[in-house]
Amino acid sequence: MKAQLQQQLSAILAELQYPSVDVIFDKPKVDAHGDLTTNVAMMLAKAVGKNPRQVAQSIVEKLKIDDSFLSAVEIAGPGFINFRFANSYVVESAKNILREHASFGRTQAGSGKKTNLEWVSANPTGLLHAGHGRQVLLGQVIGNLLEWTGHEVTREYYFNNAGNQMRTLAESIYSRYRRELGDDYPFPEEGYKGEYIVDIAKEIIAQKGDSLKDADGDRSYFQKYGEEWCFKRIKETLARLNVKHDVFYNEDTLYSTGKISEVIEEFKKKDLAYDSEGAVWFRATKFGADKDRVIVKSTGEPTYRLPDIAYHREKFRRGFELIVDIFGADHIATIPDVLNGVQALGYDTKDVKVIIHQMVSFVNGDEIVKMSKRNAKTYTLDDLIDEVGVDAVAYFFVMRSVGTHLEFDIALAKEQSDKNPVYYLQYAHARIASILRHAETEHINVHDIAAMMANTDFSLIREKEEIDLLKKLLEFPELVQSCALSFEPHRLTTYLREVAETFHRFYHEHRVINDVKQLMQARLTVCLMTKIVIANGCRILSVSCPEKM
RNA sequence: GAUCCCGUAGCUCAAUUGGAUAGAGCAACAGCCUUCUAAGCUGUAGGUUCCGCGUUCGAUUCGCGGCGGGAUCACCA
């Protein structure tokens, strides 16, 4: 429809010898302005030397409209041309929802682009805390959106099980181990204070007793044990949220295969790196940074920048055409260095999309929930899931745009009432399911979609609330596409809320189960279409949609 | 001090990526259940979109300058 109109309008512009401009359609906010609007007349007004409404008039006069598609074309406001869909067009289009059902909303906008999505990537030195939830769910939903738009997505988790942090982990466990055995052993200055360290130490005692007491500085057992313990827990937490990574990429492979030294040499050859004070420096100032950055410490160990750069290069080498990273705002400083490094190696950074989300704060009603790391008792993501449930966690973490700080109200999230937006959405789905169950007692097989289509007289779908609802449902594929391409999953929650709202209004105005068999059938079909869209949307959101509440 | 993000109704946030009368949810007030799920619906009230200047037919959106909040500025990741 859009494409057709676009073509026709472009032809008219040419015929009128107006300069050619892109004909773009928007969906007006206000119902009175129709279903599609274009601002071409305003764009042209100046060049043509006429006022926008006159320009619009001249265009509309040439327009041939097919009234099975459009019921009205109007010039409005400063010079908008507004189009209103005919009901028959809306209803006809809506049949696609039934035809495609579980795939309705999928498009090929990504045209099979090989995409690497990296997120979570927490090192196995501890548990995921509640704040990690935002990243976990953002990545999950963005991954789903990319799949729904035809990207070929590899979900990846990058981790480092060597270096400082892991040594600290081992040292922390060892210290707790000795203390649990009754020794007065010092706890490392920057050690991990969480109580899970004590749990790990106790497990080791249960298995090995005090046999590791005099390890003579060798902490490898503790490190390995700690790493495996933490990773197991992290994966379990992710699994509760249905998050599953395809690849766990170990930073160490970058060393063992020589990718790190390769980058250093290449940088030096290009005069992008130099030795000084016993360290190797990256000429970040060449890319506008305020000072150069160390990439290899005087101890010989690289800083995080170097492996990050090598890692991104490997992503390109592995054939990915789109590379998506999700980071919290606390990592913001590292991004320019990595991008500059990758660019210096000859790759186009426009194929790297870095999504930075702002931090999360937790409140419980009026009370601020602290999750200080100094505190031994941290609030973990598991704790949060236990408290509010998987669905609320999934929904709440993506319902705000990534650029804003997210305030997560635990009291609201666990409230099973209309205040809670998750329940509002799920309730709409359950309500429809309930209606469909009633239909089955009327001997209508609502699961046989082909039969539903065949038995429905679509011309009976004509109430305003029904048409409004179908229009809303028909926005779904384009919305999914737009959310995916702009990496803005929160807009999906906004949309689904509107769907639920539009459905409730329809439900309130029109009785579905009624004595007029044909009318009932038509309305059941509308219900089924709505159910399909809500279910598909929920699947993208990783939120369940219950048949009963 | 520098860099990045944010500033919209009492609170939490949207706003189709520059469009028309800035919208939802909570909270407040007033209505609607003998009938498919009231976890719902309808209505009322609530605004100098932080301030100023600019760009243009048109700015919450873009640019510049302030003010306020957050994050980051390691030979930690």
Q: May I ask you to say which residue of A:Y185, A:Y221 is surrounded by fewer than 18 Cβ atoms within 10 Å (Cβ to Cβ), among the aromatic types (F, W, Y) and assigned to a loop (DSSP other than H, G, I, E, B)?
A: A:Y185
**Q.** Near pairs, Cβ below 6 angstrom, 6+ apart or cross-chain, from region A:431-442 (farther than 9 Å from A:K548 by Cα) to any residue that is near RNA strand B (Cβ under 8 Å from one of its atoms) and open to solvent by 20 Å² or more (accessible area, probe 1.4 Å)
**A.** A:H438/A:I513
(Q) Looking only at region A:292-303, count every residue that is under 17 Å from A:A162 (Cα atoms), within 34 Å of the chain's Cα centre (by Cα) and touching a residue at least 40 places away in the same chain (Cβ under 8 Å) and tell me the total. (A) 1
Q.
For the condition open to solvent by less than 20 Å² (accessible area, probe 1.4 Å) and polar (S, T, N, Q), what is the one hit in A:Q108, A:Q165, A:Q140?
A. A:Q140
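Yes or no, residue by residue, for (1) under 25 Å from A:K548 (Cα atoms); (2) modelled with pLDDT of 95 or more:
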{"site": "A:K377", "(1), (2)": "no, no"}
{"site": "A:T380", "(1), (2)": "no, no"}
{"site": "A:E387", "(1), (2)": "yes, no"}
{"site": "A:D391", "(1), (2)": "yes, yes"}
{"site": "A:A394", "(1), (2)": "yes, yes"}
{"site": "A:G403", "(1), (2)": "no, no"}
{"site": "A:D409", "(1), (2)": "no, no"}
{"site": "A:K414", "(1), (2)": "yes, no"}
{"site": "A:D418", "(1), (2)": "yes, no"}
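Is there a residue in region A:358-365 that is aliphatic (A, V, I, L, M), open to solvent by 50 Å² or more (accessible area, probe 1.4 Å) and in contact (Cβ under 8 Å) with a residue 12 or more places away in the chain?
Keep residues of region A:358-365 that are aliphatic (A, V, I, L, M), which gives A:359-360, A:363.
From the residues that got through so far, the ones that are open to solvent by 50 Å² or more (accessible area, probe 1.4 Å) too are A:359.
Imposing the further condition that a residue be in contact (Cβ under 8 Å) with a residue 12 or more places away in the chain reduces the set to A:359.
Yes.
So that you can scan it fast, the table gives a plain yes or no per residue for (1) within 13 Å of RNA strand B (Cβ to nearest atom); (2) within 25 Å of A:S482 (Cα to Cα); (3) crowded, with 18+ Cβ neighbours inside 10 Å; (4) modelled with pLDDT of 90 or more:
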site	(1), (2), (3), (4)
A:P19	no, no, no, no
A:D26	yes, yes, no, yes
A:K29	yes, yes, no, no
A:K50	yes, no, no, no
A:V55	yes, no, yes, yes
A:E61	no, no, no, yes
A:I65	no, no, no, no
A:S68	no, no, no, yes
A:I75	yes, no, yes, yes
Q. Among the residues of region A:334-366, how many are part of a helix (DSSP H, G or I), hydroxyl-bearing (S, T, Y) and more than 9 Å from RNA strand B (Cβ to nearest atom)?
A. 1
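Counting just the residues of region A:397-415 that are open to solvent by less than 10 Å² (accessible area, probe 1.4 Å) and in a strand (DSSP E or B), which one comes out nearest to RNA strand B (Cβ to nearest atom)?
The first filter runs over region A:397-415 and keeps only residues open to solvent by less than 10 Å² (accessible area, probe 1.4 Å), leaving A:397-398, A:406, A:408, A:410, A:413.
Applying the additional criterion that residues be in a strand (DSSP E or B) yields A:406, A:408.
Numbers: A:L406: 5, A:F408: 8 Å.
The residue in question is A:L406.
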Q. How many residues, within region A:312-333, are more than 9 Å from RNA strand B (Cβ to nearest atom), under 20 Å from A:Q135 (Cα atoms) and part of a helix (DSSP H, G or I)?
A. 1
Q: Please list, ordered by first then second residue, the pairs with beta carbon atoms under 6 Å, 6 or more apart or interchain, first in region A:268-291 and part of a loop (DSSP other than H, G, I, E, B), second within 10 Å of RNA strand B (Cβ to nearest atom).
A: A:G278/A:S298; A:R283/A:D292
Q. Quick one: would you say A:Y196 is surrounded by 16 or more Cβ atoms within 10 Å (Cβ to Cβ), under 16 Å from A:F231 (Cα atoms) and among the hydroxyl-bearing types (S, T, Y)?
A. yes
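Conditions tested, residue by residue: (1) out of contact with any Lys or Arg (no Cβ under 8 Å at 6 or more places or on another chain); (2) closer than 26 Å to A:G139 by Cα; (3) assigned to a loop (DSSP other than H, G, I, E, B).
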residue: A:A433; (1), (2), (3): no, no, no
residue: A:A439; (1), (2), (3): yes, no, no
residue: A:A450; (1), (2), (3): yes, no, no
residue: A:R505; (1), (2), (3): yes, no, no
residue: A:Q521; (1), (2), (3): yes, no, no
residue: A:K531; (1), (2), (3): yes, yes, no
residue: A:G537; (1), (2), (3): yes, yes, no
Q.
Every residue in region A:507-519 that is over 17 Å from A:A454 (Cα atoms), open to solvent by 70 Å² or more (accessible area, probe 1.4 Å) and either near RNA strand B (Cβ under 7 Å from one of its atoms) or in a helix (DSSP H, G or I) (or both), please.
A. A:Y507, A:H508, A:E509, A:R511
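Just a yes or no: is a residue in region A:448-455 surrounded by fewer than 16 Cβ atoms within 10 Å (Cβ to Cβ) and within 12 Å of RNA strand B (Cβ to nearest atom)?
Filtering region A:448-455 for residues surrounded by fewer than 16 Cβ atoms within 10 Å (Cβ to Cβ) gives A:448, A:450-451, A:453-454.
Imposing the further condition that a residue be within 12 Å of RNA strand B (Cβ to nearest atom) reduces the set to none.
No, region A:448-455 contains no residue that is surrounded by fewer than 16 Cβ atoms within 10 Å (Cβ to Cβ) and within 12 Å of RNA strand B (Cβ to nearest atom).
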Q: Could you tell me which numbered condition A:A310 fails, if it satisfies all but one of (1) surrounded by fewer than 18 Cβ atoms within 10 Å (Cβ to Cβ); (2) modelled with pLDDT of 95 or more?
A: (1)
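Criterion first (among the aliphatic types (A, V, I, L, M), surrounded by 16 or more Cβ atoms within 10 Å (Cβ to Cβ) and near RNA strand B (Cβ under 8 Å from one of its atoms)) does A:A428 satisfy it? Can you show your working first?
Values: among the aliphatic types (A, V, I, L, M): yes; surrounded by 16 or more Cβ atoms within 10 Å (Cβ to Cβ): yes; near RNA strand B (Cβ under 8 Å from one of its atoms): yes.
Judged against the criteria, A:A428 is a match.
The values are calculated or read from the model by the stated rules, or taken from the named source; none is laboratory data. Computed from a prediction, not measured in an experiment: that's the story for all the values here. Here the Cβ is made from the backbone with ideal geometry for all residues, glycine too, and neighbour counts use every protein chain on show. What goes into the accessible areas is simple: the full protein's heavy atoms, side chains included, and nothing from ligands, DNA or RNA. Shrake-Rupley method; radii C 1.70, N 1.55, O 1.52, S 1.80 Å.
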